[in-house]
1. Ordered shortest first, which distances in nm separate the 7 Å Cα→C-beta label point of B:GLY57 from those of the other copies?
2. So if each residue of separation counts as 0.36 nm, and I subtract the Cα-Cα distance between B:GLN175 and B:ASP104, what length gain in nm does that give?
3. What whole number of Å gives the distance from the Cα centroid of segment B:44-75 to the Cα centroid of segment A:46-92?
4. At a 1.4 Å probe, which residues in segment A:106-147 are at least 40 Å² less accessible with all protein chains present than in their chain isolated?
5. Considering only protein heavy atoms and a 1.4 Å probe, what is the carbon-and-sulfur percentage of the accessible area of segment C:34-114?
6. Take the alpha-carbon centre of segment B:93-116, take the same for segment B:177-199, and report the distance between them in whole Å.
7. Out of all DSSP beta bridges with both ends in segment D:41-200, state the antiparallel percent to the nearest 5.
8. Distances from B:LYS172 to the same position in the other copies: list them in nm, one decimal, shortest first, using label points 7 Å from Cα along Cα→Cβ.
4 protein chains.
Amino acid sequence: MKKSVYSITTFISKRGFHLASCNMQKTTKFFEPCIKPMLPPGTFKDRIAFITGGGTGLGKGMASMLASLGAQVAIVSRKLDVLENTAEEISKSSGQKVVPIAADVRDPEAIKKAVDDCENKLGLPSIIINNAAGNFISPTERLSPNAWKTIIDIVLNGTAYVTLETGKRLIKANQGGVFLALTATYCTQGSSFVVPSAAAKTGVEVLTKSLASEWAQYGMRFNCIAPGPIETKVRLWKEMLMITNLFKYDSSNFVQKLKPPGRSFRTYQLF
Amino acid sequence: MKKSVYSITTFISKRGFHLASCNMQKTTKFFEPCIKPMLPPGTFKDRIAFITGGGTGLGKGMASMLASLGAQVAIVSRKLDVLENTAEEISKSSGQKVVPIAADVRDPEAIKKAVDDCENKLGLPSIIINNAAGNFISPTERLSPNAWKTIIDIVLNGTAYVTLETGKRLIKANQGGVFLALTATYCTQGSSFVVPSAAAKTGVEVLTKSLASEWAQYGMRFNCIAPGPIETKVRLWKEMLMITNLFKYDSSNFVQKLKPPGRSFRTYQLF
Amino acid sequence: MKKSVYSITTFISKRGFHLASCNMQKTTKFFEPCIKPMLPPGTFKDRIAFITGGGTGLGKGMASMLASLGAQVAIVSRKLDVLENTAEEISKSSGQKVVPIAADVRDPEAIKKAVDDCENKLGLPSIIINNAAGNFISPTERLSPNAWKTIIDIVLNGTAYVTLETGKRLIKANQGGVFLALTATYCTQGSSFVVPSAAAKTGVEVLTKSLASEWAQYGMRFNCIAPGPIETKVRLWKEMLMITNLFKYDSSNFVQKLKPPGRSFRTYQLF
Amino acid sequence: MKKSVYSITTFISKRGFHLASCNMQKTTKFFEPCIKPMLPPGTFKDRIAFITGGGTGLGKGMASMLASLGAQVAIVSRKLDVLENTAEEISKSSGQKVVPIAADVRDPEAIKKAVDDCENKLGLPSIIINNAAGNFISPTERLSPNAWKTIIDIVLNGTAYVTLETGKRLIKANQGGVFLALTATYCTQGSSFVVPSAAAKTGVEVLTKSLASEWAQYGMRFNCIAPGPIETKVRLWKEMLMITNLFKYDSSNFVQKLKPPGRSFRTYQLF
């Protein structure tokens, strides 16, 4: 396959999707992924984490890293079988308790039960990671109202429901906590083709900034992280290629090349 | 009533709500409200406008100004009787056709019918103003999931539904258009006590920025305006006072004093 | 010349300079430049304007528009002969007094004298436009400290000197005023290849936001405008082409094509 | 001293300086300062750091922490005697080489010599911290052009000179590096009373964002940190009190109370 990644990226960027693909080969030598934990062993000893979308990908990576540093972790998503496999895998490698909890973040009642479940099995979590997300990569004029609503429900409302449910309990328990939300580099300035996701995730950022101030008095800290493209998941880029009618490539190879400038993310690098 | 506005504002701001109330008396002489239109007569001749929340307040003010400059206007909200009175009033004063349309912006089907209605009675609108909004001024930990969802539905989803419905039709008709969304000064940095509104409105801003780029090719322009406090509506500030347990004042007088620094907005000044 | 503008822009953007050139032909029909004033005749009657960089390009365009709407204008730059020609031209077409004043914005003493001169010949200006600017389009590692300093001096310090000199006098005279500064679309997020200009202009934006609050009590309003590429000046794009070793084109034709998406700016459109 | 910190802060904030002082006593229990290093021992082994303003306060704190984690450090400022004491102190406690270098960041030639000096004594630095700064806390209309220029020279131009000088050498050596610049929480939105500092520091942020992209290909990473008020330095707040005519308090006690909401910074906590 001779055609270079430049022309592909370029083609896409003409249509408004922002990508940074320049000079990757050249710079990777400077930015080797650091695979071992940056923090000392036992950093999260006696901490309980609650991670949505924790069964796969980024959420699984964070659950795994937290457990390896001593945390007990509840991983939450819709697919119980996936969660169970992940929980067993992490539990085995870290020696920590990892609890799988099936819940749809769009449903406040389900979230209430999930936090109940976490309290019963591990205790009230003080590390809450809003990682569950969804996205349609599509020209906006092809989206139905329902497609729009689905993304807002998962990304923005789901984050709010989890934050309200756990935050209220932490306030009542007079116990501080830390909240992390996963956002995206296209939030602040917006982006074509991912408008519901961009709108929802910028809402998450403002929720985060607002509560960082409002709930500081209750001992809570709030942060967002906006990771770039991740090596392990092919689906996103595959879809992007499909909508741009360019899907004539070996996608895994292509994704390999789409790492951000000079960096090579892996999921466990992020937390 | 001797207690000055300064101490009130101050009291509120200690709790995290950002207000600018300083030096009002001193500066008003510099910033007299300009009541006559800034634009030449007939500027919006042959244009059709579609304004949500157009029955009262700011929306009514914009409808009125647009009509006085030659536009035909559809005003949309849930309360048909309010709309009918407003429509008649503006129609009489401007000599333009003003059409009242009852619809709830949270319901995509209702929006579809409202745009149908506008097309049938006036034509396809090329000025779309997303002005309908809702807000709870409340400590975030007192909000139910349902309260959160209601604001997101009205402000963010409502704006999206109107934008998708009218945008798709304008693209199909190969006809440009202008979109205006009303946001708030507390969007970008967030704010305590109005978190769902801040999250929803920053989502609207990102929707706006995204489509300004993505739909430029279809001849559409997108803008937001974030007005400060408006003189005519007492409700907002009354609620704010209530939650801070300070409601011992004559609220209309108080609101009079809460104008932004050196400016005195009235609704018709904004468009 | 068959090679399309797309590939050029693309080539440049691979190197980090952000350009939006997509779909120009398609959208221009929607965004015809509006050449006649948007404001009613006589809008700026009895107003005195002070415009740096007022002899050519954008500054000349704004001087011309202000004069045509009734203002008297002082235009300020280093080249007296250019200023004199412009002053005569605008004065003739508008019937307004236009005063040429030679001064280097980097020199606070020169600015003091220029404002003295304006006061003597026209009066204290209440419209102050900080339009003078400079830029090096260059990989940052090729810049000398002196090149860096020159841009900061003109763009950021020059704006500050003019603002301080006129602001102090307006405060003393207890007379409000309006300030406009010209910035750039690459301010907020930064940009490769124009780093000193980006740093200086974002400084101007923050100066503007800060004084909009601090000096509101003195009846002063502050705004920035960040125009896109302008049709009339070839130099900027010519340089850009030179540094990217692509200068094999008829530049005037090329610039013609580099208008922002769907828009065709001309200098008099901006104010 | 009965008068509470609230009324003071409040008084200041009415004049436009943004302070967050709410609920300090209440929240400190949640955010105890963590005094031991967050990173594993030897993290910066074999690294050479170059820190401007490294003789006192924050710069000294960072130099000390870096050395304790294994780095060799050059500390740079105008006062050689202060530097020498600091260098000896840190060297003794950490066992690392710490080199004092006298230079004024406003002078590109002096910076060139300082980097030469560092190269000769330690080697080419790959950790560059632009920490030197200056500020006037003053109503803007009381600033002379020279006062303005001084802050821009130290904060913005000084950072640029250090970045250009070290960056060019790192590019030539084909060796990556990390750059950290100290900015301020009042950058993005601006602030009354510290306008030259706000303008300069936002310029530093944009320089940082721009080069993070442009020089990524050379293996360089760029970051800013905007610390809140620091416990150890009384001068800043003392000045602030002076200009607001409130200096009737025991300042060290006052500063103690002015920590950001729920946090208690100490200098060594920042890096």
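The values are calculated or read from the model by the stated rules, or taken from the named source; none is laboratory data. Just so it is clear, the structure is predicted and the values come from calculations on it, not from any experiment. A quick note on method: Cβ atoms are made from the backbone with ideal geometry, for glycine too, and the neighbour counts reach across all protein chains shown. Just so you know, the surface numbers come from the protein's heavy atoms only, side chains and all, with ligands and any DNA or RNA stripped out. Shrake-Rupley method; radii C 1.70, N 1.55, O 1.52, S 1.80 Å.
1. When each copy's label point is compared with this one, the spacings are 3.8, 4.4, 4.5 nm.
2. On the way: separation 71, 0.36 × 71 = 25.56 nm, distance 2.61 nm.
Full extension from B:GLN175 to B:ASP104 adds 23.0 nm.
3. Measuring centre to centre over Cα atoms gives 53 Å.
4. Residues shielded by partner chains are A:THR140, A:GLU141, A:PRO145.
5. On the way: 2000 of 3810 Å².
After summing per-atom areas, the C and S share lands at 52 percent.
6. Value for the Cα centre distance between the two parts: 23 Å.
7. 0
8. For B:LYS172, the other copies' label points sit at 5.0, 6.5, 6.6 nm, shortest first.
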